[in-house]
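I have placed the structure first, in the form of structure tokens, so that the comments after it can refer back to it.
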Amino acid sequence: MKDLTQDSIVRNIISMAAPIAAGMLFQTLYFLVDLYFVAAIGDAAVAGVGAAGTLMFIVMALTQVLGVGAVALIAQAVGRKDQADANLVFNQSVLFAFLCSAVTLIGGYALTNTYVGAITADPETLAQGATYLYWFLPGLALGFAQVTMGSAMRGTGIVKPAMAIQAFTVLLNALLAPVLIAGWGTGYAMGVAGAGLASTLSIALGVVLLGLYFIKLEKYVSFRRDLLHPQIKVWKRMLDVGLPAGGEFALMFIYMGVIYWVISGFGSAAQAGFGIGSRIMQSIFMPAMAIAFAAGPIAGQNFGAGRGTRVRETFYKAVMLNAIVMVAVTIFLQWKPEILVGFFTAESDATEVGATFLRTISWTFIAQGVVFTCSGMFQGLGNTRPAMLSSAVRLAVFVPLAVWLSTQPGFRLEQLWLVSVMTVWIQAGVSYMLLRQQFKRRLTDVPRSPPAGVPATAESRG
């Protein structure tokens with residue numbers, strides 16, 4: 001366990017964000033490695049995998065319910081020096097993860113064709129997307145256990161072990177992808193099915209290694225049989241924090257689904273270009289998301305300890321760090337986004353769509369940094385409803401405009417990207433105003449008693 005109520009805020013953010021970013025990079029590489037080899041199959045395969053991959057937003061929404069609830073409650077318990085409550089929350093989140101995994105598998109296999117068929121452009125894309133999803137669903141289901149254990153570590157201020165395990169599993173995925181997708185060394189190419197299987201096998205090994213870490217090495221929170229029976233009060237505490245955060249990701253899924261539906265009329269090349277562009281965008285967001293993910297437990301521990309001034313400082317320092325990162329990335333994408341897109345496809349139509357998307361959407365990156373940071377702070381405060389509200393505002397503006405534009409003569413994809421830019425900036429403004437309200441209502445500074453013989457400082461006097 002690491003006490004995040006001490007030391008420099010910026011130092012704490014960077015020390016946590018660096019391994020978190022590395023872990024997220026490795027996580028994203030799961031999909032980029034698959035995408036690289038899938039791209040050799042053709043546009044229909046890329047479009048199918050991209051469309052089926054939007055289901056991840058549903059699973060991410062559900063994992064966020066567990067992950068955010070665990071991070072917030074465990075971080076606050078650490079701030080209060082309440083190890084018993086931290087252990088209780090951890091074990092209940094593990095139990096809940098098993099239930100969610102079962103629901104994901106049953107529901108996923110029952111609805112795969114219906115779901116993928118609703119957002120794909122043609123029968124071949126549907127077939128490729130459904131095949132990929134059949135093999136990837138077990139990995140998605142195992143994501144609940146993966147997120148739960150990783151979130152528990154983050155709540156206690158520990159992030160490096162999870163990053164190291166992710167690095168190892170991504171290396172395994174990179175080795176398996178050409179073997180299973182393209183048939184390197186075996187002569188048996190599974191195509192998109194191999195992409196799904198490679199990710200599933202890698203995630204499964206990661207879950208096993210995380211479990212072994214908690215059994216052998218982790219001491220502050222650990223598996224306890226006596227705490228693994230359902231306790232509805234604890235589930236309610238987790239859901240109070242986690243459900244709105246999950247709702248935020250569910251709204252993101254709706255946003256992505258609407259885009260795929262609107263652009264389906266432009267064919268598989270357009271869907272492939274957007275799929276590649278959106279995957280690249282997710283990779284670009286990793287540093288900003290890592291900073292936000294670091295800010296959450298830092299804010300949570302300081303909130304639990306009654307150190308309101310440090311909570312506010314965490315937000316402003318995190319926004320500053322995010323802005324530095326996002327300005328640099330925006331400049332690059334205004335210059336040559338084709339370099340990144342061209343790495344995954346040689347098709348000129350798909351490259352043009354992906355590059356135009358990235359060049360336009362890059363104007364949202366600073367605003368996205370604010371949105372991510374606000375979401376992390378809401379998690380630390382244990383109230384994620386404002387984050388979901390800001391996402392709902394964005395969706396309420398985006399969806400009607402997107403659908404209306406798609407019915408107009410001469411509709412172009414660039415118009416859709418511009419609407420997205422506008423609505424992200426609206427969301428950033430709403431998120432910031434809602435966070436200021438939370439600060440005013442909930443933050444106080446509890447006086448801290450100095451050690452014996454040490455004069456009280458201004459901070460310790462509150």
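The values are calculated or read from the model by the stated rules, or taken from the named source; none is laboratory data. The shown structure was predicted, so the numbers you read here are calculated from the model rather than taken from an experiment. Heads up, the Cβs are rebuilt from the backbone with ideal geometry, glycines too, and the neighbour counts pull from every protein chain shown. Heads up: the accessible areas ignore ligands, DNA and RNA and are worked out on the full protein's heavy atoms, side chains in. Shrake-Rupley method; radii C 1.70, N 1.55, O 1.52, S 1.80 Å.
Please compute the per residue accessible area over the chain with all protein chains in place, 1.4 Å probe, rounded to a whole number of Å².
With all protein chains present, the chain gives 40 Å² per residue.
Each label point was placed 7 Å from the Cα along the Cα-to-Cβ direction; for Ile215 and Leu172 their separation is 1.5 nm. In order along segment 200-209, phi translates into HN-Hα couplings of 4, 5, 5, 5, 4, 5, x, 5, 4, 5 Hz, rounded to whole numbers, per the Karplus curve 6.51 cos²θ - 1.76 cosθ + 1.60 with θ = phi - 60° and x for Gly and Pro.
Sequence-ordered 3J(HN,Hα) estimates for segment 151-162 from the Karplus curve with 6.51, -1.76 and 1.60 and θ = phi - 60° stand at 5, 4, 4, 4, x, 8, x, 10, 10, 5, x, 5 Hz, glycine and proline given as x. For the chain, what is the relative contact order in percent, using Cα pairs closer than 8 Å and at least 6 residues apart in sequence? Computed value for the chain: 23 percent relative contact order. Label sites at Phe343 and Tyr109, each approximated as a point 7 angstrom past Cα along Cα to Cβ, lie 3.6 nm apart.
Roughly how far apart, in whole Å, are the Cα centres of segment 376-409 and segment 123-174? The distance from the Cα centre of segment 376-409 to that of segment 123-174 comes to 26 Å. Toward the positive end of the charge dipole of segment 74-201, with +1 on the Cβ of Lys and Arg and -1 on the Cβ of Asp and Glu, the farthest Cα among Ala195, Ala162, Pro178 is that of Ala162. With a simple spin-label model that places each label point 7 Å from the Cα along the Cα-to-Cβ direction, the separation between Arg441 and Gln83 comes to 3.5 nm.
Of all the C-alpha pairs in segment 48-149, what % are more than 20 Å from each other? Of the Cα pairs, 46 percent sit more than 20 Å apart. Assuming charge only on the beta carbon of Lys and Arg (+1) and of Asp and Glu (-1), the dipole of the chain about its Cα centre is about 1920 debye to the nearest 20.
Counting Lys and Arg as +1 and Asp and Glu as -1 over every other residue whose Cβ lies under 12 Å from the Cβ of Tyr213, the net charge comes to +2. Axis of helix 286-304 versus longest Cα principal axis of the chain: the two differ by about 20°, to the nearest ten degrees. Working note: Karplus 6.51/-1.76/1.60 with θ = phi - 60° gives segment 339-345 the couplings 4, 6, 5, x, 5, 9, 8 Hz, where Gly and Pro are set to x.
In the complete set of protein chains, residue-level accessible area for Ile284 is approximately 30 Å², probe 1.4 angstrom.
Projecting the Cα atoms of Tyr109, Ser8, Gly429 onto the charge dipole of the chain (Cβ charges, centred on the Cα centre) puts Ser8 farthest toward the positive pole.
The order of Cys100, Cys374 by accessible area, most exposed first and with a 1.4 Å probe, is Cys100, Cys374. Rounded to the nearest 20, the size of the Cβ-charge dipole of segment 74-187 about its Cα centre is 460 debye, with Lys and Arg at +1 and Asp and Glu at -1.
For the chain, the share of accessible area belonging to carbon and sulfur comes to 69 percent (1.4 Å probe, ligands and nucleic acids excluded). Taken about its Cα centre, segment 169-266 carries a charge dipole of about 420 debye when Lys and Arg each add +1 at the Cβ and Asp and Glu each add -1 at the Cβ. Expressed as a whole number of Å, what is the distance separating the alpha-carbon centroids of segment 181-201 and segment 312-346? With segment 312-346 and segment 181-201 each reduced to a Cα centre, they are spaced 32 Å. Looking at segment 131-235, the trypsin sites (Lys or Arg not before Pro) that sit in a DSSP loop and have at most 12 other Cβ atoms within 10 Å of their own Cβ are Lys219, Arg224.
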